[in-house]
């Protein structure tokens, strides 16, 4: 087993016992925050333009995968970097939340 460095600290003892008996240390996620990747302001502006273009003209409405493809074209043009492009699911969530807030604003 593992040696307990702080014998007077019951918290560290229980944590070591927990690690030894219940979980592998590699799988243990105590006090580990995953870094969330935020959508950059430049990409948000592009999304907003794409969303409002679709609102103004329904024939030009884009879904999340089409917006993703448009961002990939912008990478080729050098307008944005590859790291700035979010996943399609993230784009879909952004569309949902933004369109809901837009509808609430328009209803007032």
In region 75-89, whose amide N lies under 14 Å from the spot 7 Å out along Cα-to-Cβ of residue 61? List them in ranges. none
With the Cα gyration tensor of region 41-107 in hand, give its eigenvalues times 5 under a square root as the equivalent ellipsoid semi-axes, listed largest first in whole angstrom. 21, 13, 10
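Laboratory data are not the source of any read-out in this text; all were calculated from the coordinates shown. These figures come from a predicted structure and were not determined experimentally. Please note: Cβ atoms are built from the backbone with ideal geometry, for glycine as well, and neighbour counts cover all protein chains shown.
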